[in-house]
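**Student:** Encoded as structure tokens, here's the structure I'll be asking about.
The values are calculated or read from the model by the stated rules, or taken from the named source; none is laboratory data. Since we're looking at a predicted model, the values are computed, not measured. All Cβ positions, even for glycine, are placed from backbone atoms using ideal geometry, and neighbour counts span all protein chains on display. What goes into the accessible areas is simple: the full protein's heavy atoms, side chains included, and nothing from ligands, DNA or RNA. Shrake-Rupley method; radii C 1.70, N 1.55, O 1.52, S 1.80 Å.
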Amino acid sequence: AHCKEFFFCGQEPFVADEYIERLAWRTPGGGSRGGEAFDPKRLLEEFVNHIQELQVMDERIQRKVEKLEQQCQKEAKEFAKKVQELQKSNQVAFQHFQELDEHISYVATKVCHLGDQLEGVNTPRQRAVEAQKLMKYFNEFLDGELKSDVFTNSEKIKEAADIIQKLHLIAQELPFDSLMGFCCYPFSSPGKYHDLECQLIQEFTSAQRRGEISRMREVAAVLLHFKGYSHCVDVYIKQCQEGAFLRNDVFEDAAILCQRVNKQVGEIFSNPETVLAKLIQNIFEVKLQSYVKDQLEEHRKSDAEQYLKNLYDLYTRTTNLSSKLMEFNLGTDKQTFLSKLIKAIFISYLENYIEVEIGYLKSRSAMILQRYYDSKNHQKRSIGTGGIQDLKERLRQRTNLPLGPSIDTHGETFLSQEVVVNLLQETKQAFERCHRLSDPSDLPKNAFRIFSMLVEFLCTEHIDYALETGLAGIPSSDSKNANLYFLDVVHQANTIFHLFDKQFNDHLMPLISSSPKLSECLQKKKDIIEQMEVKLDMGIDTLNCMIGQMKHILAAEQKKTDFKPEDENNVLIQYTNACVKVCGYVRKQVEKIRNSMDGKNVDTVLMELGVRFHRLIYEHLQQYSYSCMGGMLAICDVAEYRKCAKDFKIALVLQLFDTLHALCNLLVVAPDNLKQVCSGEQLANLDKNILHSFVQLRVDYRSARLARHFS
């Protein structure tokens, strides 16, 4: 018991070290508890006793295990025997089941055979019964007295229709010259048959008005075998549209009607897609065609603008309605079906659409331009019609454009942002209409014609005319107080052309991107740009006017005493008044050029102006004699001119003024240092005559000492 208590202590897995530790702790003299002397003999004795107890316990457990194993083997044998017995029972049951299944199959075969025999007997009997009934009803028709309930009861119209239909088919198959055919003539003639058809259609109409879907379905199923079935469909379509088009929006009404009928038609007719397609065809050919004609014919000859707007709007709304109808089941090729319906409505209007569009665009654009020029009290002058090569030749020769003598534009650029916006807006709408209304094969060609109208009126009649007028208004270089309005023309023309280019990319390119017309449009645009650039280059004469203005300022403000003051010791200014005014004027013109142009054109024009500006100042300085203090003042002026040249942001211009500033140092340097200054980095590569010309401007040049040092 003591050993068992230690061995099975706790629920944790057995650990030998812990087990020995617990045994030593419980043994007196084991040395595990404090205050006790360690007694190895006592501990050894305890271990020996404990080992004996464990051996006894092991033997007891082993006997128990053997007993349990024997019991388990016995139960396993019994279970295996029971399973074998169950398998045998299952096999017997399966055999019984197979026998039962074979018996059932045999009985079923017999039943089927019996059913076939009964059907073989019953079918002729049923046919005979049906034939007897038909003969009975036939006799009633021959006697002229319809006594059967099927003919007198209005609720049995379906059965009556079936009988009449069968008699009608029989009558049609019999020859009239036979006795039976003669007797059946009443059924082969339209009379009885037609009367019943009318009665069925009337019943269908009444049921539709009452909203009885089940009765409508029943009557439609009967009429399906009659010739008047299509008339039944027509009646349904007609009544569906009663009260459906009461609002002003016929397209929305049509969409709502088709959605309602689409939900209902499948519950009534066996071929709903055919009925729905016939309804849509009726709406397009009657309602929509009439509505479109009323809307378009009113303005077709009197108001092209309203006509085009209505045509675009109606065509767009019709195609949108078609897109909604594509959701319904209309048969196999509903896309072609709807396209034909749309084409039938609009074909007479679309055939000559582009001619109306071009005619309207031409008259509208001309009116916009004329209204603008009238508001300016300006009579347009005829402009030159020469090509690009002619313009380039005139540019090379620097001759004026063929507008006659220089004219005064009074500061008017003859370019209007409002006019441009109106022209671009009209063209944008034309492109949108063209995209929607043109046949895909004609779309690139039509778009090109609209683009040609834009080029004619915006680029040629407006921008090009303004450039020509601006060129003619450029004053001569010797004019005093000249106003350089041509740069304003350039600025506005540049802005307008960016708008033109944006419309080209946004609205024209998508219409022609995949056609041969693309290269033609790009070439036309390139020719326009090149022609305008040539005329802008011809406006370089404006720079002559700027230089002329600078000359006038220098002539009016610069005095000879500026550089040879009477009192050398009493000079209070940092630079001359002429320099201040010239620099102020130049800075304004540089800013104006930057605002008027963009890209490489700015650098090209500023370089040309900077070179001419340098040449003017260089030649201007050559006109005066310089004392020592006057030379210092000239250096200050040139330094200010050089600051002004930095605004050009052109390396060549700044280099020219740096060299000019170095040349001005020759006006003040001591005679002994002249050779050293002339051999400096900035002056070493200059021609000796240029250096000599500046030294000669010194008032002390005639002294033998200075001439000797320089030589």
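**Student:** Go through the residues of the stretch 216-237 one by one and say whether even a single one is at pLDDT 80 or above, closer than 21 Å to residue 277 by Cα and not in a helix (DSSP H, G or I).
**Tutor:** no
**Student:** Within the stretch 315-324, which residues are surrounded by fewer than 20 Cβ atoms within 10 Å (Cβ to Cβ) and closer than 14 Å to residue 436 by Cα?
**Tutor:** 316, 317, 319, 320
**Student:** Based on what the data block shows, is residue 248 surrounded by fewer than 16 Cβ atoms within 10 Å (Cβ to Cβ), at pLDDT below 85 and under 30 Å from residue 360 (Cβ atoms)?
**Tutor:** yes
**Student:** I need every pair where a residue in the stretch 565-585 that is part of a loop (DSSP other than H, G, I, E, B) has its Cβ under 9 Å from the Cβ of a residue that is small (Gly, Ala, Ser) and at pLDDT below 90, sequence separation at least 6 or different chains.
**Tutor:** Taking only residues 6 or more apart or on different chains, the pairs are 565/627; 565/630; 568/627; 568/630; 571/630.
**Student:** Is one or more of the residues making up the stretch 688-698 among the polar types (S, T, N, Q), surrounded by 18 or more Cβ atoms within 10 Å (Cβ to Cβ) and at pLDDT 85 or above?
**Tutor:** no
**Student:** Write out, first by first residue and then by second, each pair whose Cβ atoms fall under 7 Å of each other, whose residues are 6+ apart or on separate chains, and whose first residue, in the stretch 200-214, is at pLDDT 85 or above while the second is open to solvent by 50 Å² or more (accessible area, probe 1.4 Å) and aliphatic (A, V, I, L, M).
**Tutor:** Final answer for the pair search is none.
**Student:** If I filter the stretch 496-546 down to residues being among the β-branched types (Val, Ile, Thr) and surrounded by 15 or more Cβ atoms within 10 Å (Cβ to Cβ), which single residue comes out as nearest to residue 443 (Cα to Cα)?
**Tutor:** 512
**Student:** Further question: Conditions first: (1) among the basic types (Lys, Arg); (2) within 30 Å of residue 350 (Cα to Cα); (3) modelled with pLDDT of 85 or more. Residue 263 passes all but one, so which condition is the exception?
**Tutor:** Going through (1) among the basic types (Lys, Arg); (2) within 30 Å of residue 350 (Cα to Cα); (3) modelled with pLDDT of 85 or more one by one, residue 263 breaks only (2).
**Student:** Can you pull out every residue in the stretch 647-706 that is farther than 19 Å from residue 563 by Cβ, assigned to a loop (DSSP other than H, G, I, E, B) and free of Cβ contacts under 8 Å to residues at least 24 places away in the same chain?
**Tutor:** Once the filter is applied, which keeps residues that are farther than 19 Å from residue 563 by Cβ, assigned to a loop (DSSP other than H, G, I, E, B) and free of Cβ contacts under 8 Å to residues at least 24 places away in the same chain, the stretch 647-706 yields 679, 680, 681, 684, 685, 687.
**Student:** A further question follows. Looking at 94, 79, 47, can you tell me which residue is in the same structural domain as residue 26 (by the TED database), out of contact with any Gly (no Cβ under 6 Å at 6 or more places or on another chain) and under 30 Å from residue 23 (Cα atoms)?
**Tutor:** Every option except 47 fails the conditions.
**Student:** Which one of these is modelled with pLDDT of 90 or more and open to solvent by 50 Å² or more (accessible area, probe 1.4 Å): 305, 327, 357?
**Tutor:** 305
**Student:** Being more than 19 Å from residue 509 (Cβ to Cβ), among the polar types (S, T, N, Q) and open to solvent by less than 80 Å² (accessible area, probe 1.4 Å) is the filter here, so list the residues in the stretch 416-448 that pass it.
**Tutor:** 416, 422
**Student:** Could you check residue 268 against (1) assigned to a helix (DSSP H, G or I); (2) open to solvent by less than 70 Å² (accessible area, probe 1.4 Å) and say which number it fails?
**Tutor:** All conditions pass for residue 268, except number (1).
**Student:** Any chance the stretch 663-682 includes a residue that's among the small types (Gly, Ala, Ser) and under 30 Å from residue 593 (Cβ atoms)?
**Tutor:** Looking through the stretch 663-682, none of the residues is among the small types (Gly, Ala, Ser) and under 30 Å from residue 593 (Cβ atoms).
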